[in-house]
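Participant: Pasting a structure here, questions to come.
The values are calculated or read from the model by the stated rules, or taken from the named source; none is laboratory data. Bear in mind that the values here come from a model prediction, so they are computed numbers and not experimental data. When we count neighbours, we look across all protein chains shown, and the Cβ atoms used for this are built from the backbone with ideal geometry, even at glycine. Keep in mind that these areas ignore ligands, DNA and RNA; they rest on the heavy atoms of the full protein, side chains included. Shrake-Rupley method; radii C 1.70, N 1.55, O 1.52, S 1.80 Å.
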Amino acid sequence: MSPVPPPLDRFDPRAWCAVAVARLSHDQPEAALEAARQAIGRDPQDEWGHRLAGAALERLGRDTEAVAAAREAVRLAPGSWAARLRLASALRRIPGRWREAWAEARRAVRFAPDEPDPHVLCGDLALLRGDHDGAARAYGAALRRRRDHPAAWVNLGLTLLRWRRPRDHHDPAWEADPRETGRARRALETWSRQVRVILAVAAAAVCAAVVLAGLGLVPGMHGEVRIGGALALAAVLVVCVRQAARVGAWAYVPGMLRRDLRLAMSVALGLLAPAAYVAGLATLPEPRPGALQEVGEVWAGAIGLVLLNPAAALAVRLLAETWRGRPLAALRRFAAALPVPPAPSVPPAPPPPLGPGAADRAATRDIAVAFWIVAARAWQATAALMLVPNAAGVPLAAVACLAVPAVLLRARATGAPRPRDRWLAAALTAPAVAALCAAGAGVATALAGPDPAVVALWRCAWGALALGAAAFAVRATRAWWRGGPGPWRASLVPSESRGRWIPGDLTPSAGLSEEVRHAAAYSRNVVLACTGADGPRALAVSAVTSVTPAGDFRLIAGDEAWEAVRRDPRVVLFVGDPRFWAEVRGVAVPDDDVLRVTPRQVLMREYPGRHQARTR
């Protein structure tokens, strides 16, 4: 992509700002930063240039400098919703600054409730914490203001899937450093893994001694086996002491366990395995010939739990990952984020300003993952329903398998385009074929009894499920080998695209002409329109003390105006002049002993002449 050239008027700071926006739109952050600095050098009091510099610095990964630039923009225009939005966006990337980012995003919503981007950012911040209901409300508010906001649609679909960040053990609202909680998480996982491996090896040795004694190959050594098993507990104690010293954030561990299912399961198994091992040692059968027939259920269950807990944890995790959320509803939201293809007679629209296909890539990727979740659910449901006829002895129960193809047809009716992935096609087709074969086998068994054709149908059903599992395995292996997104929930990604509009934090500030500045500074006819306790009010302004270089009005107003601003900061300032009048729509914020109004929109009108004032 060719670089965006500098402006024709190199002395105009706002022209440099427009160039910076264009360069950001073409994904040229270094050139955009240079243009923003050119604008700041020519007019350091214009907050637009500082906002653009912060956006470019954030794209370059220089988050601390981006926050400093955004703070300067807020200092110059404290009532600018765009500056508040830029500061919130920069703060959310700094560890431990989530609460401040949330406060700035809420201020942006309060200053400009009619704009969609502040609502989207509030939804993104709630999504980072796992507050899916709050995020869904924020995205819904954004979509009521702009129905074709792609990021709102994509991220709303993620809330329906109950998306969480990979290894979501850290709450962004915590004061703790994420690196500290990360070290605590690694120490807990290492402790659990080492404890379970030590006890599994010891349990396998105990089982080997019992089996060999039961076969008469070694003499019975009941006491020696127990002593050897107890030594494994001593090794577990050493591991516990060593890893506990590495967990520095003990106060955050309960919250980490609530947020991270995988970590909670690992810690639970790390506590359950020693208890089961002790129960196995306490009920250890005496190693002697024939002892295998005397093995108790408690001992077998306890040793089985110690040996097989990794497989059980994997099964529980797969079930939880597969059946969390509503993938069909999410597919509809993802599909709404994709642009509608134009009619053959309509020329295609120009690419969006933030890079062509930015929203399309996120939505397309999430659609593929959602389809894989649907395929996994269909596979598991079909396997479970196929086991029911044999377990219950009712062949007609296999007809319930027909619900699986019906659900797959509903997935096609969501409007989401099917990804071009032959492995996904195989994974979606396999459970449907298996369900149809199983239902046919069940009906045939009920009508004519078992025969070779029924057996062939059952074999076909199980074979189709095997092919579906193989398709998933091949697709997962290919993704792991290439390092790309795989057919699992961790591949879901949120979107930050704003479609074909300039993001709110890059929009230009309202410029004030010299006429409006002069009229506001010297006019005695200034009226402030605001929202009072009983409705709209028009209040006389005592004085306009000054107009800042950034374009903010500093007003002296009465207590009623201050109370109205606390209720709703959106105000309208009417400034009169012998030649014209100006309507300044903006946001008022308290600034020491004065009200500071940041313009959002400025309208100028001339007074009508005598020929214009005539009425019919």
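Participant: Is one or more of the residues making up region 129-149 touching a Pro at 6+ places or on another chain (Cβ under 6 Å) and open to solvent by less than 30 Å² (accessible area, probe 1.4 Å)?
Facilitator: yes
Participant: Among the candidates Arg99, Arg23, which residue alone is over 20 Å from Ala550 (Cβ atoms), open to solvent by less than 30 Å² (accessible area, probe 1.4 Å), at pLDDT below 95 and assigned to a helix (DSSP H, G or I)?
Facilitator: Arg23
Participant: Now, a different point. If only one of Ala31, Ala56, Ala36, Ala68 is free of Cβ contacts under 8 Å to residues at least 24 places away in the same chain, more than 19 Å from Ala510 (Cα to Cα) and part of a helix (DSSP H, G or I), which one is it?
Facilitator: Every option except Ala68 fails the conditions.
Participant: Any residue in region 546-565 that is more than 25 Å from Gly511 (Cα to Cα) and at pLDDT 90 or above sitting within a Cβ distance under 6 Å of a residue that is of a type in the set (D, E, K, R) and exposed (fewer than 14 other Cβ atoms within 10 Å of the Cβ)? List the pairs, counting only those 6 or more apart or interchain.
Facilitator: Cβ pairs passing all conditions: none.
Participant: Quick one: is Leu492 closer than 24 Å to Ile367 by Cα, among the aliphatic types (A, V, I, L, M) and either touching a Leu at 6+ places or on another chain (Cβ under 8 Å) or modelled with pLDDT under 90 (or both)?
Facilitator: Against the criterion (closer than 24 Å to Ile367 by Cα, among the aliphatic types (A, V, I, L, M) and either touching a Leu at 6+ places or on another chain (Cβ under 8 Å) or modelled with pLDDT under 90 (or both)), Leu492 qualifies.
Participant: For region 401-431, enumerate the residues that are open to solvent by 30 Å² or more (accessible area, probe 1.4 Å) and more than 27 Å from Ala337 (Cα to Cα).
Facilitator: Within region 401-431, Leu402, Ala403 meet the criteria.
Participant: Among (1) touching a Phe, Trp or Tyr at 6+ places or on another chain (Cβ under 9 Å); (2) under 23 Å from Leu76 (Cβ atoms); (3) basic (Lys, Arg), which single condition is Arg579 missing?
Facilitator: The number of the failed condition is (2).
Participant: Checking Ala441 against (1) crowded, with 23+ Cβ neighbours inside 10 Å; (2) touching a Ser or Thr at 6+ places or on another chain (Cβ under 8 Å): exactly one of these is not met. Which one?
Facilitator: Against the list (1) crowded, with 23+ Cβ neighbours inside 10 Å; (2) touching a Ser or Thr at 6+ places or on another chain (Cβ under 8 Å), Ala441 comes up short only on (2).
Participant: How about region 491-510: which of its residues are of a type in the set (D, E, K, R) and either open to solvent by 40 Å² or more (accessible area, probe 1.4 Å) or in a loop (DSSP other than H, G, I, E, B) (or both)?
Facilitator: Scanning region 491-510 gives Glu496, Arg498, Arg500.
Participant: Next question. Tell me which residues, restricted to region 30-49, are open to solvent by 20 Å² or more (accessible area, probe 1.4 Å) and either closer than 25 Å to Gly499 by Cβ or touching a strand residue (DSSP E or B) at 6+ places or on another chain (Cβ under 6 Å) (or both).
Facilitator: Within region 30-49, Glu30, Ala31 meet the criteria.
Participant: Right, next: Does Asp168 fit the bill of being out of contact with any Pro (no Cβ under 9 Å at 6 or more places or on another chain) and free of Cβ contacts under 8 Å to residues at least 12 places away in the same chain?
Facilitator: no
Participant: Is region 469-486 home to any residue that is under 30 Å from Arg129 (Cβ atoms), in contact (Cβ under 8 Å) with a residue 60 or more places away in the chain and within 24 Å of the chain's Cα centre (by Cα)?
Facilitator: yes
Participant: Could you pull out the residue among Arg84, Arg92, Arg14 that is within 29 Å of Pro590 (Cα to Cα), charged (D, E, K, R), in contact with a Phe, Trp or Tyr (Cβ under 9 Å, 6 or more places away or on another chain) and surrounded by 24 or more Cβ atoms within 10 Å (Cβ to Cβ)?
Facilitator: Values: Arg92 fails: surrounded by 24 or more Cβ atoms within 10 Å (Cβ to Cβ); Arg14 fails: surrounded by 24 or more Cβ atoms within 10 Å (Cβ to Cβ).
Within the list Arg84, Arg92, Arg14, the selection yields Arg84.
Participant: List pairs: first residue in region 269-280 and of a type in the set (Asp, Glu), second residue open to solvent by 60 Å² or more (accessible area, probe 1.4 Å) anywhere in the structure, Cβ distance under 8 angstrom, at least six positions apart or on different chains.
Facilitator: none
Participant: Regarding Ala434, is this residue in contact with a Gly (Cβ under 6 Å, 6 or more places away or on another chain), open to solvent by less than 30 Å² (accessible area, probe 1.4 Å) and farther than 30 Å from Ala561 by Cα?
Facilitator: Judged against the criteria, Ala434 is not a match.
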